[in-house]
Amino acid sequence: MPYDFDQPFDRRHTGSMKWQLYDEDVLPMWVADMDFPVPPPILAALHARVDMADFGYEKPSLALAEVICARLRRLYGWDVTTEQIMFIPSLVTGINAVARAIGAPGDGVLVQTPVYPPFLTAPTNQDRVTQMAELELVPNGRTFSYRIDYERMEAAVTDRTRLFILCNPHNPTGEAYSRAEQLRMAEFCERHNLIVCSDEIHCDLLLDDTQHVPMATLAPEIADRTITLMAPSKTYNIPGMKASFAVVTNPELRQRLAAATAGIVPWLNCLGLTAMDAAYRHCDDWLNELRAYLTANRNVTVQYVLEQMPGIKTTVPQATYLAWFDCREAGIEENPYEFFRREAKVALNDGPPFGAGGEGFVRLNFGCPRATLLEGLGRMKDALERLGRAGG
Ligand SMILES: Cc1ncc(COP(=O)(O)O)c(C=O)c1O
């Protein structure tokens, strides 16, 4: 059944954080949720669940764990058992719990920047030290990508480093790491005896014919040191439902993670469990159509930047609905996030919170109807043109 992702969806009055943080004249293109209603099967399942009028304590069912296992087998040939699935409310909770579970206060946690800001704060929240290895920007005319800089990885790691947090697909670069690239990262982690926390929340948001390879599927010994975090939240636009999971095949790591969450991380919300179940059972068609729509939006974004915003450079994401703009040569003499918010009335994500390599960059969310995307890009272009005229 064709879904109409062009349909306007008014979120001003829904409680959406994305749409409420800024004044009404500002177009929000920041936080990573999409301006699309949830897939109809999720809505139907939630209506039915609400009609039960029972919101008591609920544990994830064995059937739900089996649905997840079947999906991992079907998509990645990854065989895991239901006891290796650990339910967690959210990935930020998961990242913090892993930082707490691995090593001791004062130990190091390695991350690759620029990266989703909670990667930088999770270690310090748990009395660990964040160690940043900046990715190397690879220019390609007006677009750019990133390469993992192993010299910087070696320079950042110390004998106190215990954990590496990987973002794959990567927010904000949009890179989906290949098997070969991940084998190289895994070799690095084995050599330094690091546990890997692989945040794969964006693994379903694949553009073009990009494939996702979970780190833990590379080899049994790599799975042994890996905690994988996944969720239906980004994919099906239900992050407010708080229903996610970790896949942990190593029983000792499972036990450590369980100990780190005991008493402080709640069970999942009962509606979140319903939403996850419906998402993974009934929404494949919706997801396929979403991917095609997001791929077209990615193309529109890149083409618009190349043709209409001469000073801006952009990534060409392979996954996610996030574009990352390099504004350092756009003639903007202030923080570009502030500039676009004030002069274009477009709210983006500011680069510096993404860590080393974020200064002069902004992140744009293109997970929205095409008309909204073009409105935002148009406002940004006009602001840049006014700036050019004022400068000239
Ligand atoms: C890489 C990554 N991890 C985690 C999250 C947030 O996950 P959650 O809402 O489940 O805490 C995001 C949200 O944008 C993200 O991009």
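The values are calculated or read from the model by the stated rules, or taken from the named source; none is laboratory data. Computed from a predicted model, the values in this text were never measured in an experiment. For neighbour counting, all protein chains shown are included, and Cβ atoms are generated from backbone atoms with ideal geometry for every residue, glycine included. Side chains included, ligands, DNA and RNA excluded: accessible areas come from the protein's heavy atoms. Shrake-Rupley method; radii C 1.70, N 1.55, O 1.52, S 1.80 Å.
Quick one: go through region 271-308 and flag any residue whose amide nitrogen is under 16 Å from the point 7 Å out along the Cα-to-Cβ line of A48.
Hits in region 271-308 for A48 at 16 Å: 271-284.
With all protein chains present, calculate the accessible area of R191 using a 1.4 Å probe and round the result to the nearest 10 Å².
130
Put +1 on the Cβ of every Lys and Arg and -1 on every Asp and Glu Cβ in the chain; which of W324, M215, N365 then has its Cα farthest towards the positive end of the dipole?
Toward the positive end, the furthest listed residue is M215.
Between beta-carbons, use under 10 Å as the cut-off and find the net charge around A231, counting Lys and Arg +1, Asp and Glu -1. Each step should come with its number before you reach the end.
Working: positive: K234, K242; negative: D199, E200, D204.
Residues near A231 contribute -1 overall.
About its Cα centre, what dipole magnitude does the chain give when the only charges are +1 on Lys and Arg Cβ and -1 on Asp and Glu Cβ, stated in debye to the nearest 20? Mind dumping the intermediate values first?
Details: 37 positive and 50 negative charges, 53 e Å.
The dipole of the chain has a size of about 260 debye.
Quick one: pull the percentage of alpha-carbon pairs in region 50-143 with a separation above 18 Å. Show your work: numbers first, answer last.
On the way: 2892 of 4371 pairs.
Across region 50-143, Cα pairs with separations above 18 Å total 66 percent.
Return the distance in nm (one decimal) between the two label points of a simple spin-label model at L75 and T143, each offset 7 Å from Cα along Cα→Cβ.
2.4
Sort the following peptides by mean Cβ neighbour count (other Cβ atoms within 10 Å, averaged over residues), highest first: 71-79, 216-224, 235-243.
Details: 71-79: 14.2, 216-224: 17.1, 235-243: 22.4.
Most protected by this proxy first, the peptides run 235-243, 216-224, 71-79.
May I ask what percent, to the nearest 5, of DSSP beta bridges between residues of the chain are antiparallel? Working shown, then result.
Details: 22 of 44 bridges.
Approximately 50 percent, going by the DSSP bridge assignments.
Past the 23 Å Cα-Cα mark, which pairs from K242/K313; K18/K345; K18/K313; K18/K59; K234/K345; K242/K345? Write down the numbers at each step before the final one.
Values: K242/K313 35 Å; K18/K345 14 Å; K18/K313 25 Å; K18/K59 30 Å; K234/K345 25 Å; K242/K345 30 Å.
Going by Cα-Cα distance, K242/K313; K18/K313; K18/K59; K234/K345; K242/K345 fall outside the 23 Å limit.
What percent does the relative contact order of region 184-249 come to when contacts are Cα pairs within less than 8 Å and at least six residues apart?
30
How much net charge surrounds W19 when only the other residues with a Cβ under 15 Å from the Cβ of W19 are counted, with Lys and Arg +1 and Asp and Glu -1?
Details: positive: R11, R12, K18, R341, K345; negative: D10, D23, E24, D25, D33, D35, E375.
Taking every Cβ under 15 Å from that of W19, the sum is -2.
Return the whole-Å distance between the Cα centroid of region 301-341 and the Cα centroid of region 256-278.
Region 301-341 and region 256-278 have Cα centres spaced 37 Å from each other.
Could you please put H170, H192 in sequence from largest to smallest accessible area, using a 1.4 Å probe? Numbers along the way, then the final one.
Details: H170 0, H192 55 Å².
Sorted by accessible area, descending: H192, H170.
Note down the nm distance, to one decimal, between modelled labels 7 Å out along Cα→Cβ at N335 and at S178.
Roughly 3.8 nm, to one decimal.
Rounded to the nearest Å, what's the spacing between the alpha carbon centres of region 37-76 and region 118-140? Just the number, please.
Centre-to-centre (Cα) distance: 34 Å.
In whole percent, what relative contact order does region 174-324 give with Cα contacts below 8 Å and a gap of six or more residues? Display every interim value, and only then the final one.
On the way: 180 pairs, mean separation 43.1, N = 151.
The value is 29 percent.
Extending each Cα 7 Å along its Cβ direction at Y57 and E136, get the distance between those two points in nm, one decimal.
5.4
Over the chain, what is the relative contact order in percent, taking alpha-carbon pairs closer than 8 angstrom and at least six residues apart?
On the way: 727 pairs, mean separation 92.5, N = 392.
Normalised by residue count, the contact order of the chain is 24 percent.
In whole Å, what is the distance between the alpha-carbon centres of region 163-198 and region 223-237?
If you average the Cα positions of each part, the centres end up 14 Å apart.
Which net charge results when you count Lys and Arg as +1 and Asp and Glu as -1 among the other residues whose beta-carbon is under 10 Å from that of A45? Can you show the working numbers first?
Numbers: positive: R49, R281; negative: D277.
Charge balance in the 10 Å sphere: +1.
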